[in-house]
Amino acid sequence: MNPEASKAWRGPRWGLAALLACLGMLGPFSIDTYLPAFTGIAASLGATPVEMQQTLSAYLLGFAVMNLFHGALADSFGRRPVVLVGVAVFTLASVGCALSQSIGALVAFRALQGMSAGAGMVVSRAVIRDLFPPSEAQRVMSQVTIYFGVAPAIAPIVGGFLFVHADWHSIFWFLAGVGLLLWLTMWWQLPETLHPSQVQPFSAGHLMSGYWQMASSARFIALAFASGVPFNGMFLYVLSAPVFLGDLLHLGPTQFYWFFLSTIGGIMAGAWWSGRLAGKIRPQRQIRRGFQIMTVVSLLNVAMNLLFPPHPAWAIPLIALFAFGWALMVPVVTLLVLDQVPDRRGMASSLQACIGSAANALVAGAIAPLVMHSATALAIASLLMMGIGVVAWWWVRPRLSL
């Protein structure tokens, strides 16, 4: 924690949470906004469904790779410069997407978007832990998740509106405008929270030493799996939204918002409850509650899909309940990850985000295309993703000092 934290941020806690949520939302916002335009982009560029899926997996792969470096750079050069450069590159990449005339160009610029969008999410976690002790950090992390939930909820609504009333290019022009506005806001408001005494040397040897320290720690890896992999139980449905919502649930592009509003509503409600519980119950109990909710919902989801044809009336609320359970436990697990390496929290956030993003990329590029055409297969895959997190937490819990 920054020994001069009170000087780094003098405003209200909710103000910082809103500022950091704007950074964290950039990644999911740039995913959800263009999903309603999938078929239109494919028709315009002459792309196959598999090629369109690669615009997602390229984004997520770029997101995962660069996440290894955003935190390390922030530990050496400061939180603020890394954020400003990342948002600037994202804005330029969005312009490139808008101007793309082939699926190859779109995939390339989507990869660049992914490589830059992760800077805000990684650095925002480190900023929170720079400024606040554990219980207070959990409250701020929960507030960030609540604010963060607003943007992905409206993203598909905006994307569907722009696609229907303009064309798919307008979606990426819109993202470029969001990037520019966010850069100006960060330039004006974001403080530097890395204390000079906590600056880490930037060298290949130092980086490799830090990554080896974390990668060779079974506790660190297990906690990263417990926080990141269960997200894919919900994210799998987001990635499969054009098929899941359009073909299986028979919703039109302008009706996708029902799914996204419900899911993000679940995240926001879970995050709100997580913040209310901060300091009132033991962390492991709160994490256990989150996993219990996700387990019950996942099993019920599989059973319902085996017994009945998919229908929005029950399929969408189940995913929202899963999101609630995930958001209830993830702020606590995320802080546990960062506190495993207190002198390298930026790097710890990087590796945690990289593991989660690599899982996201695997799900987007390999698993989602295999299961998206079957509601039952989607439910089983979601259950398995959540199960990995349960096993990781079950293993690491006795090895933590809580």
Problem - Criterion violated by ARG80 - all others in (1) over 19 Å from the mean Cα position of the chain (by Cα); (2) of a type in the set (D, E, K, R); (3) over 21 Å from SER197 (Cα atoms) satisfied - result: (3)
Problem - Subset of the stretch 49-71 [of a type in the set (Ser, Thr, Tyr) and either closer than 16 Å to ALA119 by Cβ or modelled with pLDDT under 85 (or both)] - result: SER57, TYR59
Exercise for the section: Return the total of residues in the stretch 201-220 being part of a helix (DSSP H, G or I) and closer than 26 Å to PHE77 by Cβ. Expected result: 13
Exercise for the section: Restrict the check to the stretch 379-401 and report whether at least one residue is hydroxyl-bearing (Ser, Thr, Tyr) and at pLDDT below 90. Expected result: yes
Handout entry: So SER100, is it farther than 16 Å from LEU23 by Cα, of a type in the set (Ser, Thr, Tyr) and in contact with a Phe, Trp or Tyr (Cβ under 8 Å, 6 or more places away or on another chain)
Key = yes
Completion exercise
If you go through ALA353, ALA348, ALA377, the only one that is assigned to a helix (DSSP H, G or I), farther than 30 Å from HIS195 by Cα and out of contact with any strand residue (DSSP E or B) (no Cβ under 9 Å at 6 or more places or on another chain) is ALA377
Handout entry: Test for GLN138: is it out of contact with any Gly (no Cβ under 6 Å at 6 or more places or on another chain), among the polar types (S, T, N, Q), under 24 Å from GLY228 (Cβ atoms) and surrounded by 24 or more Cβ atoms within 10 Å (Cβ to Cβ)
Key = no
Practice task
Given the conditions (1) exposed (fewer than 14 other Cβ atoms within 10 Å of the Cβ); (2) under 20 Å from GLY346 (Cβ atoms), report the number of the one that ALA218 does not fulfil.
Solution key: (2)
Problem - Filter result (closer than 26 Å to CYS22 by Cβ and of a type in the set (Gly, Ala, Ser)) within the stretch 174-227 - result: ALA176, GLY177, GLY179, ALA224, SER227
Fill in the blank from the handout: The correct count of residues that are touching a Ser or Thr at 6+ places or on another chain (Cβ under 8 Å), under 15 Å from VAL229 (Cβ atoms) and at pLDDT below 85 in the stretch 313-365 is 4
Fill in the blank from the handout: Those residues of the stretch 52-107 that are basic (Lys, Arg) and surrounded by 21 or more Cβ atoms within 10 Å (Cβ to Cβ) come to a total of 1
Problem - Residues located in the stretch 226-260, provided they are modelled with pLDDT under 85 and aliphatic (A, V, I, L, M) - result: VAL238, LEU239, ALA241
Practice task
With respect to LEU184, determine if the residue is more than 22 Å from the chain's Cα centre (by Cα) and free of Cβ contacts under 8 Å to residues at least 24 places away in the same chain.
Solution key: yes
Exercise for the section: Identify, by number, the condition in (1) under 15 Å from VAL65 (Cβ atoms); (2) over 14 Å from the mean Cα position of the chain (by Cα) that GLY356 doesn't meet. Expected result: (2)
Handout entry: Tally, over the stretch 333-353, of residues that are buried (at least 24 other Cβ atoms within 10 Å of the Cβ) and more than 22 Å from ALA271 (Cβ to Cβ)
Key = 5
Exercise for the section: Filter the stretch 192-212 for residues that are farther than 17 Å from VAL123 by Cβ and either modelled with pLDDT of 85 or more or among the aliphatic types (A, V, I, L, M) (or both) and give the result. Expected result: ALA204, MET208, TRP212
Handout entry: Neighbours by Cβ (under 7 Å, 6+ apart or cross-chain): first from the stretch 77-97, closer than 11 Å to TRP183 by Cα and at pLDDT below 95; second among the charged types (D, E, K, R) and buried (at least 18 other Cβ atoms within 10 Å of the Cβ)
Key = none
Fill in the blank from the handout: GLN189 meets each of (1) of a type outside the set (A, V, I, L, M, F, W, C); (2) within 20 Å of the chain's Cα centre (by Cα); (3) at pLDDT 85 or above with one exception, condition (2)
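The values are calculated or read from the model by the stated rules, or taken from the named source; none is laboratory data. Quantities reported herein were computed from a predicted structural model and do not represent experimental measurements. Methodologically, a virtual Cβ is constructed for each residue, glycine included, from the backbone with ideal geometry; neighbour enumeration extends over all protein chains shown.
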